[in-house]
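Contents: one structure, followed by commentary.
The values are calculated or read from the model by the stated rules, or taken from the named source; none is laboratory data. Keep in mind that this is a model prediction, so the values were computed, not measured. Every residue, glycine as well, gets a Cβ built from its backbone with ideal geometry; the counts of neighbours run over all protein chains shown.
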Amino acid sequence: MAGHFITFEGIDGSGKSTQARLLADALRAEGRDVVLTREPGGSKGADEIRRLLLEGDPDRWSAETEILLFTAARRDHLERLIEPALAAGKIVICDRFADSTRMYQGLSRGNLRAKVDALHALMIGREPDLTVLIDMDPATGLTRAKGRNGHEERFEDFGVELQAQMRAGFLALAEEFAPRFRLIDGARDMESVARDVMACLREALA
Ligand code: ADP
Ligand code: TYD
């Protein structure tokens, strides 16, 4: 029995973690076997790499080294958690996955998309069955992200301009990989967004 691999993507503060959690709760309440996870991290090794990635000075790593570190973390996460759960027929819900690397490492510090894609093809090679893109205007996203506690230091300096670039990039990615993407307006109350997310899931699981 093959499981279902669902990812949430979008800019910081768009509500991904909130919606991933609400979806996991709703599916569990229906008796589904759900694994809720996130990137970077999600397995012991990947969580160690997460700390290397998110702590320290913004210029601690070059863009190329970041691609390698995010991909190394993802490979461990995939081997240790995601693939075994899918093989056991579970629903895996992951807050960010390879699309985030395509955007953040592929776009934000020059065009490195070809390198991101090459490493993904070599080391990951798996795409989600469904990706929920929560779309949101950059200023609102930034305000929400800043209102949240415990944000890591390396990525917290994202300004509105970069958020806007990432938003446009995600929308383009949704067209590039259209069959697996669903676009949801995140600038509404949590319950309305959650209702739309659940409708996407029903369609995907049908
Ligand atoms: P992300 O994981 O995309 O960065 P979060 O889910 O952590 O976003 O949400 C960022 C902040 O915004 C949190 O404080 C969260 O409680 C709040 N939030 C999430 N969804 C909504 C919403 N629909 N309306 C208002 N606030 C929200
Ligand atoms: P996270 O702590 O999950 O923040 P958020 O809840 O706002 O998504 O992720 C930290 C940062 O890591 C976030 O700003 C996006 C970045 N990131 C990348 O740059 N590349 C990646 O491949 C992933 C998964 C995340």
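Among the residues of segment 19-40, write down those that are within 12 Å of ligand 2 (Cβ to nearest atom) and either in a helix (DSSP H, G or I) or modelled with pLDDT under 95 (or both). Step through it out loud before you land on a result.
At the first step, the residues of segment 19-40 found to be within 12 Å of ligand 2 (Cβ to nearest atom) are 19-21, 37-40.
Once the filter is applied, which keeps residues that are within 12 Å of ligand 2 (Cβ to nearest atom) and either in a helix (DSSP H, G or I) or modelled with pLDDT under 95 (or both), segment 19-40 yields Gln19, Ala20, Arg21.
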Determine whether Leu36 is within 16 Å of Arg202 (Cα to Cα), in contact with a helix residue (DSSP H, G or I) (Cβ under 7 Å, 6 or more places away or on another chain) and of a type in the set (A, V, I, L, M). no
Determine whether segment 101-108 contains at least one residue that is of a type outside the set (A, V, I, L, M), under 28 Å from Glu175 (Cα atoms), surrounded by fewer than 20 Cβ atoms within 10 Å (Cβ to Cβ) and more than 9 Å from ligand 2 (Cβ to nearest atom). no
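Evaluate segment 160-176: report whether one residue or more is under 16 Å from His4 (Cα atoms), out of contact with any Ser or Thr (no Cβ under 6 Å at 6 or more places or on another chain) and surrounded by fewer than 16 Cβ atoms within 10 Å (Cβ to Cβ).
no
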Subset of segment 41-62 [more than 16 Å from ligand 1 (Cβ to nearest atom), not hydroxyl-bearing (Ser, Thr, Tyr) and not in a helix (DSSP H, G or I)]: Glu55, Gly56, Asp57, Pro58, Asp59, Arg60, Trp61
Considering only segment 132-139, I want to know if a residue exists there that is of a type in the set (Gly, Ala, Ser), crowded, with 18+ Cβ neighbours inside 10 Å and within 16 Å of ligand 1 (Cβ to nearest atom). no
Filtered residues of segment 65-93 (kept if touching a helix residue (DSSP H, G or I) at 6+ places or on another chain (Cβ under 7 Å) and closer than 17 Å to Val34 by Cβ): His77, Ile91, Val92, Ile93
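In segment 65-85, how many are exposed (fewer than 15 other Cβ atoms within 10 Å of the Cβ) and either under 16 Å from Ala98 (Cβ atoms) or of a type in the set (D, E, K, R) (or both)? Full working, then the answer.
To start, the set of residues in segment 65-85 that are exposed (fewer than 15 other Cβ atoms within 10 Å of the Cβ) comprises 65, 79, 84.
Restricting the remaining residues to those that are either under 16 Å from Ala98 (Cβ atoms) or of a type in the set (D, E, K, R) (or both) gives 79.
So the answer is 1.
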Kindly check whether there is at least one residue in segment 63-84 that is under 25 Å from Ala168 (Cβ atoms), assigned to a loop (DSSP other than H, G, I, E, B) and either more than 15 Å from the chain's Cα centre (by Cα) or not β-branched (Val, Ile, Thr) (or both). no
